[in-house]
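Every number in this text was worked out from the coordinates using simple rules, so none of it is lab data. Computed from a predicted model, the values in this text were never measured in an experiment. Cβ atoms come from the backbone with ideal geometry, glycine included; neighbour counts cover every protein chain shown.
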Amino acid sequence: MEIIGITSLTENQIAQIQELQQYCMAYDGSGRELFLSNGINYHKEMPCFFLSYLNDILCGVLIVFAPTIETAEISAYVHPSHRRNGVFTGMLLDAWQVIHQFNITKVLLVTDAVAVTCKEILSKWQGVLSHSEYLLAYQGGEKPASFPFANQCLIREAEETDLEKMVQLNMAGFGEDQGNAAHMVRENFKHKQTRCFVGLLGNVIFGLGNVRKEGSDFYICGFIVSPAYQGKGMGRFLLYQILKQLNPTPDESITLEVDSENQGAYFLYTTSGFEVQSQADYYRLDLPIVLR
């Protein structure tokens, strides 16, 4: 068995991964797709795609998503016929060596809630549940009641002069330090397949949301409303305007993820036309224990 670690994927490798992913999703009844880009990773030079081959056939893939300087999220799929043969462990150990080199201190293994095999691994390695996230898909809905402040607000795509205010909003809303917040804002802003929307009330940016195009689908991420403007309907107005501008066709989907503990955001999304599709669990791994 051969395992390679690389920083980017060829079109052929993407096709192989997607074929493996679709087979595993159908087999497991899961709904979580892998993010096949390193565009948001903090360290662009860090190998983040680990592919396991047997006789030139892809039997496993592991991806390291590390958008901040200290945290890495690991997602993987292994073909059912190659499970319990050390494929995942081999990819993880190779990934761990890279993660260690870049001084990443927090490692989370992301698994679909229905993934039985992964739960067995987590039990063996004493993985501790950190949190869960729901994947929601937009099903459409009626136009919400009029917003009394609509004429005072402007929703538009972000401009370079907005970036510093967007960084401050990320720090206030997500609790990020300035370095991580600046990285996330600037990477999303320059990402070719991402549109960054801001909501303004006068000269104040009260909220923002990013929309990444993945194939024919849209993925909303980094949606946030300033704590000072929460509970006033501003978030619902911003979300509605973003959805209106996307105007998806029947063949296009709009999805987003929300932390299971963020009840305010969960209520906003599920009362704005989104429905839960699947649940992902994030487990904290003490990888030195694994290596022993």
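Below is a table of values for the structure above.
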quantity: Proximal charge balance of Met91 [Cβ under 13 Å; K/R count +1, D/E count -1]; calculated: -1
quantity: Kirkwood hydrodynamic radius of the range 73-189, from inverse mean 1/r over distinct Cα pairs, in Å; calculated: 18.9
quantity: Gyration tensor (alpha-carbon) shape descriptor, the range 140-272, a/c threshold 1.5; calculated: rounded
quantity: Simple label model, 7 Å out from Cα along Cβ direction - Asn55 to Lys106, nm; calculated: 4.4
quantity: Other-chain or far-sequence residues with amide H under 5 Å of Ile254's (modelled H); calculated: Tyr138, Phe218
quantity: Most fluctuating residue given options Asp217, Asp28, Asp56, as computed from a GNM of the chain linking Cα atoms under 10 Å; calculated: Asp56
quantity: Extension gain from Ala26 to Lys213, taking 0.36 nm per residue of separation minus the Cα-Cα distance; calculated: 65.0 nm
quantity: Degrees, to the nearest 10: 116-125 long Cα axis against longest axis of the chain; calculated: 70
quantity: Peptides ranked, highest mean first, by Cβ atoms within 10 Å: ranges 90-99, 275-284, 71-80; calculated: 71-80, 90-99, 275-284
quantity: Added length on full extension, which subtracts the Cα-Cα distance from 0.36 nm per residue, Thr71 to Leu154; calculated: 26.4 nm
quantity: Matching label, semi-axes √(5λ) of the Cα gyration tensor in Å computed from the structure shown, candidates (1) 35, 21, 18; (2) 28, 21, 21; (3) 45, 22, 18; calculated: (1)
